[in-house]
Amino acid sequence: MPSFLDFEKPIAELQARIDELRDTGADGGVDISAEIAKLQTKSDRLLKDTFARLTPWQKTQVARHPERPHFKHYVAGLFEEFVPLAGDRAFGDDQAILGGFATFRGQRVMVLGHEKGDDTASRLRHNFGMGKPEGYRKAIRLMELADRARLPVLTLVDTSGAFPGIQAEERGQAEAIARSTDACLALGVPMVAAVVGEGGSGGAIALASGNRVLMFEHAVYSVISPEGCASILWRTADKAADAAEAMKVTAQDLKSLGVIDGIVAEPVGGAHRDPAAAIAALGDALEAQLRDLTGMGGDALRRDRREKFLKMGRVA
């Protein structure tokens, strides 16, 4: 059973009642299957209705759900023959940004992405998906390697932002993010990016400046976190819900603004409720976008990216 978010309390109460009835009827003394089925139908309907009208702040909470699939789950579910590549050849290896060669539905590719981790130990090891300069320099190295090998690049974005520590700043965090973004734009091979959870600030766009950018239905993508925006504008993180609404962080808003190219539907209740279905849906979307880009030359791909990003925010 997934852990429930604050706004899912009515669903959690129904599910607890269903589990209680199942335990009661386990001894076979009383047939309560009809009552259980009735409550389950009510719970399913409530779940569907709730997720059909999520606010931007609620979507942010869903995007951050700890049980959502992470990079390693997408690699296991979508890619074969994954060969991880490590290190930036300058300082060290960052575990927040992972990548390597892989086969995606019969085609060799380079896959990169943020890994947040799914328990305390792995979250600390992967720094909660917050990349350091060596992580972005590793991404640059791998993208340039893919370019030389004429392999498409697929990126899976899921980070609250680049690591803001003093050591990261001393090692050139801003420069590394800028060069990673530039490396995306300079690729002479197709690049498709997908925001699968959080897309936070430059830490996200450094891996998301592709020919096509997809987002999961309940993912979010913004220049700053809602809490950070609220702290700046209202001097309190308590206004995070208002900030999320104003910033247009949702996939639906960003699609209408032309910032992203497509929305990938999630299972009812979010990707964490049926990870296998969510992973398969993303795979289908990535395959379709790659197919559309196949056959384009390097100059055409670079021009396509340039035009895509320059037209954002342009008033006709």
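The values are calculated or read from the model by the stated rules, or taken from the named source; none is laboratory data. The structure presented is a predicted model; accordingly, all values stated were derived computationally and were not measured. Counting neighbours? That spans all protein chains shown, and the Cβs are built from the backbone with ideal geometry, glycine included. Ligands, DNA and RNA are stripped out before the accessible areas are found, and what is left, the full protein with its side chains, is counted by its heavy atoms. Shrake-Rupley method; radii C 1.70, N 1.55, O 1.52, S 1.80 Å.
Working from Cα pairs under 8 Å separated by at least six residues, relative contact order for the chain is 16 percent. Simple spin-label estimate for Arg148 and Thr55 gives 5.2 nm between the two label positions (7 Å along the Cα-to-Cβ direction from each Cα). Using the Stokes-Einstein relation with a Kirkwood hydrodynamic radius computed over Cα pairs, the translational diffusion coefficient of the stretch 176-221 at 37 °C and a viscosity of 0.692 mPa s comes to 306 µm²/s. Simple rule: put +1 on each Lys or Arg Cβ and -1 on each Asp or Glu Cβ in the chain, find the dipole, and look at Ser43, Gly269, Ser231; the Cα lying farthest toward the positive end is Ser231. Antiparallel beta bridges, as assigned by DSSP with both residues in the stretch 86-161, represent about 65 percent of the total such bridges. Over the Cα atoms of the chain, the radius of gyration divided by the Kirkwood radius equals 1.02; this is the Rg/Rh ratio. Where only DSSP H runs of four or more residues are counted, the chain gives -15000 deg cm²/dmol as its mean residue ellipticity at 222 nm, each run worth -39500 (n - 2.57).
Between the amide H of Val195 and those of Val157, Leu214, Met215, Phe216, distances stay under 5 Å, these residues lying 5 or more places away or on another chain, with hydrogens modeled in the peptide plane. I'd like the carbon and sulfur percentage of the solvent accessible area for the chain, probe radius 1.4 Å, heavy atoms only, ligands and nucleic acids excluded. Answer for the chain is 54 percent, counting heavy atoms of protein chains only.
Excluding ligands, DNA and RNA, the accessible surface per residue across the chain is 47 Å² with a 1.4 Å probe. What the Cα atoms of the stretch 36-78 give is an Rg and a Dmax of 14.4, 38 Å. If a spin label sat at a point 7 angstrom from the Cα of Val223 along the line to its beta carbon, the backbone N atoms of the stretch 243-270 nearer than 16 Å would be those of 243-250, 254, 257-260. Of all beta bridges that DSSP places with both ends in the chain, some 40 percent have antiparallel geometry.
Pairs of Cα atoms nearer than 8 Å and 6+ residues apart set the relative contact order; for the stretch 8-141 it is 19 percent. Along its principal axes, the stretch 118-217 has C-alpha extents of 36, 34, 21 angstrom, given from the largest down.
Diffusion of the stretch 3-102 by Stokes-Einstein, at 20 °C in a medium of 1.002 mPa s and with Rh set to the Kirkwood radius over alpha-carbon pairs, works out to 121 µm²/s.
Legend: distances between Cα atoms for Lys72/Lys239; Lys116/Lys308; Lys48/Lys72; Lys138/Lys239; Lys48/Lys116; Lys138/Lys308; pairs beyond 32 Å are Lys72/Lys239; Lys138/Lys239.
Taking 1.567 mPa s as the viscosity and 4 °C as the temperature, the Stokes-Einstein diffusion coefficient of the stretch 173-307 based on its alpha-carbon Kirkwood radius rounds to 81 µm²/s. Using a simple spin-label model with pseudo-atoms 7 Å out from Cα toward Cβ, Phe128 and Ala288 lie 3.5 nm apart.
Take every DSSP beta bridge with both residues inside the stretch 24-177 and express the antiparallel ones as a percent of the total, to the nearest 5. That works out to approximately 75 percent antiparallel.
The lysines within cross-link reach of Lys311, meaning a Cα-to-Cα straight distance under 24 Å and a gap of 8 or more places when in the same chain, are Lys248, Lys255. Straight Cα distances below 18 angstrom link Lys9 to the aspartates and glutamates Asp19, Glu20, Asp44, Asp49, Glu67, with same-chain residues fewer than 8 positions distant left out.
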